[in-house]
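Report on the following structure.
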Amino acid sequence: MRIQRSFFISVISLFILLFSCAKQTEEEEVRIGFSQAMFNDEWRQSMNNAMEVQASLYPNVTLSIANANYNVRQQIAQLKDFITDSIDIIIVSPIQSKPITPIVEEAMNAGIPVLVVDRKTDNQKYTAYVGADNIEVGRNAGKIIVSNVQDSLRVIEIRGLAGSSPAEERSQGFHQILDKFPKIKFVGTIEGDWEKESVNEGLRELLSRTGPVDYVFAHNDRMAKGAWEVARNLGMEGQIKIIGVDGLNGPNGGIQLVKDGVLNSTILYPTGGAEAIKIAVKILKAEVVPTNNILSTTVIDQFNADIMQNQFTKISEQQSLIESQISAIKRQEQLYYSQNNILKIIIIFSVIIFGLAVYSIYSKIAISKKNRQLELINKKITVQRNQIEKIANEVKDSNEAKLNFFTGLSHEFKTPITLIMSSIESLREWDKKKGNKTGFEIELIQNNSNRLLRLINSLLDFRKIEDQKFNVRASKTNIYKFSNNIYKEFKGEAKKRGINFNISSNNEDLDLFIDRNLMDKVYFNLLSNAFKFTPDNGRIDIEIHDNFEESSISIHFKDNGIGIPENELKNVFTPFFKGSNNRKNSSGVGLHLSKQFVELHLGKIEVKSHNGTEFIVTLFKGNTHFNEDQIVVDPEIVDSTLINFSEDITMDDTYIKLDTDSGEERYCILLIEDNRDLSFFLKNKLSVEYDIVLSDGTDGIELAFEHVPDIILCDVNLPVKNGFEICEILKNDLRTSHIPVIILTALGNKESFIKGLQSGADLYLTKPFNYSILTQSIKSLLYNREKLRYYYTNNIHKIDQTQSFGNPEQLFVRQLNQQIKDNLDNAGFSVENLADALNISRVQLYRKVKAMLGISVSDYISNFRLENAKSMLETTDKSIAEIGYSTGFSSPNYFSTAFKSKYGVTPGAYKKSF
Ligand code: FRU
């Protein structure tokens, strides 16, 4: 940061340095304002040109020339502007002296130096004057005339604009000479205005009147030419000698007029343009300059006209050379300046680039240093994070292990409870059959078993909620009826304790979408709590409020019990919370679960405590707040802890009629269960109808292969292999694949159910199961097996022909048929041979075929041979003996006997019937 700042400071200083150097080398800019009397004659143009050329030699000088257009007022205005503009110096060539004098004075007073050129102002209040001596000019003209004086001479003077100093002074000088000669006679004076046209009329009139004169002195060459034209018009041009002033070089200039014989002579009157600029610059530089800067003048006549012309031409050639050199220098200068600027820019950029390069190297070093530090910090953080993660994982694992232990334990509780509850059920049925009243103790055991079961279920629900495994199954429910049913369950308890227990609703027809199982638990929990904390003879109310205008309803559970301290109200739904005034035993998960279940309905539960406790459950009307898959159509109110995933079992007893009392072989059930009590309980109950083979789980598979039972009941948590693995092995083995398997387990979650189905189980019952549901399930599965058996026996050939769809039973029948077919003419092909070919034992083959097809293997082989013989009789011309041998009968006689006993006719008679 510090480096960055100092870098920028250095760059800025460099800029200042470079530009201040540039300023020092340049001189201060000065502006010169020149008010020119007019622009239209060549003398003025030559003056302007000389000024511009001279000014261009000073790079710091800006010259602006304003044209007063022969208008005095305009000239005054121009000078005013220069003053306002605070121009550095004014140059003026006054049109007339008098009117311009005050404004020149004003400029001087304003501190602006004024340089007067060619014509003067009235007083001498200007900084300096540049111009020829006009008196001298007049004198020179006079001297020309007097040098030719003979007897008498007649002269006419043509004056410049009255009021302009050259006109006055030239006239003055002219008279100074001529007035000394009495023989010289002034015929007349013409008042001109410096221009040719101002001469015509007056001179024509004068000459016409007086006749030709000897000399005409015109104050400038333009008027002199005008005089010559007048004389020529009057035919006097050869007689009058004309003298002019200015002596300009060029086709229309005075020198050329002298050379052409138009003028007798001309007095050189230099413009002084270059000198004026030089003096102006000097004044600006505060150098001392003379007030009067008089330019020299001379007479040009036919003797020196050529020389003068040549000299002036040379001068003007040199002038143009200088001009072109100046412009070349200017171009070079421009080039120099632009290159200089480029150089400056390059230097600046180089410095910047160098600076940036240094800065970037510095930054890189700084960044890599910072990076190293950060890496170090990062490593430290990572190590710390890993440690925290490890600790967290350990804590999580230990928590998980504890939870799993308690969950597992809870599951384990279910089997003994199943036993207790089923035994009680049997005892009650027994009492009922005998017409006895159920004993008090039995009812006590049943009530407490139920309570125990609810507690275990609460613990399991808590785990399930934690794992977010609950899915709402909402169905349309009349909330009043639903509440009333639960109300009835608590009515007995209320009566016993003299509690005034009521239910009411302002809309008994109100339907809501609720998960009845979950909401049943909520009601049960809230009412159990109310009964727990309400003293005998207290009051408990269930009130259902339909808030007609609103989209929700509220259910109030009010009691006048001990209540909850105000400051603890916010904690009642926290898991394992126990109120300070709660002396009763409680798990602390009931209210937490209730809240979770209500929230699964997107509802809310609130608590108030004032003269007792009030829980308010608010639920939405309609079903739009549920997802489609959360809505079910009219389910049974089923306690999912009692029956899980077994709702599609056919319960209709009349539909399943298995002939088990016919004295024939009984169905055989293999029970694989490591809980001895449950095992014996089930054996006792089931052995009335079935043959039971018991396995403690260690030898389940072996016993299944050995006995090939008709049904297998299998627990999940078993030693060696679990129930799912056992089921999978049995279902994938040819010997046992046809046997229906019922999984009995305490694991009531969806994943276990799916695992069960994947292992090939036919049914999945969770503990504690209802015994009658188990027996109905067994019957249902056996009935389905009968139907399948019927199908197989009646479709032996079809199964043989149709393609296998991967069904192991179908595959088995196909293999069986193929083996018999391959050995059709082999009379010695025995059941042993067939078992060997199928790679199973003779007994297993017997049991499998018996179980699947309902007949013995030897009968099946015999039937197969006879069916084939029958079709040969129908379709071939072979003899009876031939057919008998080719279908594996050892003699024609044996064939005939067997055929007749099956079909009621001899093979011969059967063939004839075709
Ligand atoms: C040009 C001019 C010159 C003359 C001068 C006097 O405008 O008329 O011919 O010498 O002015 O100021």
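The values are calculated or read from the model by the stated rules, or taken from the named source; none is laboratory data. If you're wondering where the values come from, they're calculated on a predicted model, not measured in any experiment. Please note: Cβ atoms are built from the backbone with ideal geometry, for glycine as well, and neighbour counts cover all protein chains shown. The area values use the complete protein model at the heavy-atom level, side chains included, leaving out ligands, DNA and RNA. Shrake-Rupley method; radii C 1.70, N 1.55, O 1.52, S 1.80 Å.
Rounded to the nearest 20 debye, the dipole magnitude of region 668-774 is 320 debye, with +1 charges on Lys and Arg beta carbons, -1 on Asp and Glu beta carbons, and the Cα centre as origin.
Placing unit charges on the Cβ atoms of the charged side chains and taking the dipole of the chain about its Cα centre, the candidate lying farthest along the positive direction among ALA881, PHE413, VAL351 is PHE413. Phi angles across region 389-402 convert, under the Karplus curve 6.51 cos²θ - 1.76 cosθ + 1.60 with θ = phi - 60°, into 3J(HN,Hα) values of 4, 4, 4, 4, 5, 4, 4, 4, 4, 5, 4, 4, 4, 5 Hz, Gly and Pro given as x.
With the simple spin-label model, which puts each label point 7 Å out from Cα in the Cβ direction, the ASN732 to ILE326 separation comes to 11.3 nm.
In this structure the amide hydrogen of GLU237, modeled in the peptide plane, comes within under 5 Å of the amide hydrogens of ARG232, none closer than 5 places in sequence on its chain.
Take the Cβ-Cβ distance between LYS750 and GLU375 as r, set R0 to 45 Å, and report the resulting FRET efficiency rounded to the nearest 0.05.
On the way: r = 47 Å, r/R0 = 1.05.
For LYS750 and GLU375, the calculated efficiency is 0.40.
Each principal axis of region 473-643 carries a Cα extent, and these read 44, 40, 31 Å when sorted largest first.
For ASP546, the solvent-accessible surface computed with a 1.4 Å probe is close to 10 Å², ligands and nucleic acids excluded. Cross-link partners for LYS464 among the aspartates and glutamates, with Cα-Cα distance under 20 Å and sequence neighbours closer than 8 places in the same chain left out: ASP397, GLU400, GLU412, ASP515, ASP520, GLU599, ASP629, ASP639, GLU751. Projecting label points 7 angstrom from Cα along Cα→Cβ for ALA909 and ASN502 puts them 9.0 nm apart.
In the chain, the longest principal axis of the Cα atoms and the axis of helix 892-903 are about 80 degrees apart. Taking 18 Å as the limit for the C-alpha separation, the pairs LYS821/LYS912; LYS848/LYS870; LYS721/LYS755; LYS414/LYS532; LYS476/LYS558 exceed it in the case of LYS821/LYS912; LYS848/LYS870; LYS414/LYS532; LYS476/LYS558. Pairs from the table (LYS685/LYS850; LYS570/LYS750; LYS402/LYS481; LYS396/LYS621; LYS225/LYS314) lying more than 31 angstrom apart at Cα are LYS570/LYS750; LYS402/LYS481; LYS396/LYS621. Of all DSSP bridge pairs formed entirely within the chain, close to 30 percent run antiparallel.
Counting only protein heavy atoms and using a 1.4 Å probe, the accessible area of MET872 comes to about 40 Å². To the nearest 10, the accessible area of TRP430 is 150 Å² with a 1.4 Å probe. The 1.4 Å probe gives accessible areas that order LEU782, LEU234, largest first, as LEU234, LEU782. Of the residues VAL522, PHE620, ILE300, the one whose Cα sits farthest towards the positive end of the charge dipole of the chain is VAL522 (charges of +1 on Lys and Arg Cβ, -1 on Asp and Glu Cβ, taken about the Cα centre).
Model label sites at LYS578 and ASN109, defined 7 Å from Cα along the beta-carbon direction, differ in position by 11.5 nm. Of all lysines in the structure, the ones whose alpha carbon falls short of 17 Å from that of LYS80, not counting any fewer than 8 places away in one chain, are LYS98, LYS125.
Potential lengthening of the chain between ASN784 and ASP699 amounts to 27.9 nm, from the contour at 0.36 nm per residue minus the alpha-carbon distance.
Over the C-alpha trace of the chain, radius of gyration and Dmax come out as 69.1, 201 angstrom. Taking the Cα centre of region 795-912 as origin and assigning +1 to Lys and Arg Cβ atoms and -1 to Asp and Glu Cβ atoms, the resulting dipole is close to 340 debye.
Surface composition of the chain: carbon plus sulfur atoms contribute 52% of the solvent-accessible area (1.4 Å probe, protein chains only, all chains present). Amide H contacts of ILE32 (H built 1.01 Å from N, in plane; Pro and chain starts excluded): THR62, LEU63, SER64 sit under 5 Å, all sequence-distant by 5 or more or on other chains.
Solvent-accessible surface of the chain, averaged per residue with a 1.4 angstrom probe and all protein chains in place: 53 square angstrom. Rounded to the nearest 20 debye, the dipole magnitude of region 91-139 is 60 debye, with +1 charges on Lys and Arg beta carbons, -1 on Asp and Glu beta carbons, and the Cα centre as origin. Dimensions of region 795-912 from C-alpha coordinates, computed as largest minus smallest value along each principal axis and given longest first, are 41, 27, 23 Å.
Between amide H atoms placed 1.01 Å from N, distances below 5 Å from TYR764 occur with ILE743, all of them 5 or more places distant or on a separate chain. In angstrom, the C-alpha Rg and Dmax of region 48-137 are 13.0, 37.
Each of LEU734, ALA746, PHE681 was placed along the dipole of region 668-774 (beta-carbon charges, centred on the mean Cα), and the one lying farthest toward the positive end is ALA746. Residues TYR910, TYR126, ordered by accessible area of protein heavy atoms at a 1.4 angstrom probe radius and largest first, appear as TYR910, TYR126. The listed residues CYS727, CYS668, once ranked by accessible area (1.4 Å probe) with the largest placed first, stand as CYS668, CYS727.
Rounded to 0.05, the FRET efficiency of the LYS488 and ASN399 pair, given R0 = 41 Å and the Cβ-Cβ distance, is 0.50. Helix 72-84 versus the longest principal axis of the chain: what is the Cα-based angle in degrees, 0 to 90, to the nearest 10? Result, in degrees: 50. Between the Cα long axis of helix 221-233 and the first principal axis of the chain there is an angle of about 60°, rounded to the nearest 10. Placing R0 at 30 angstrom, the Cβ-Cβ distance between LYS434 and ASN478 gives a FRET efficiency of 0.15 after rounding to 0.05.
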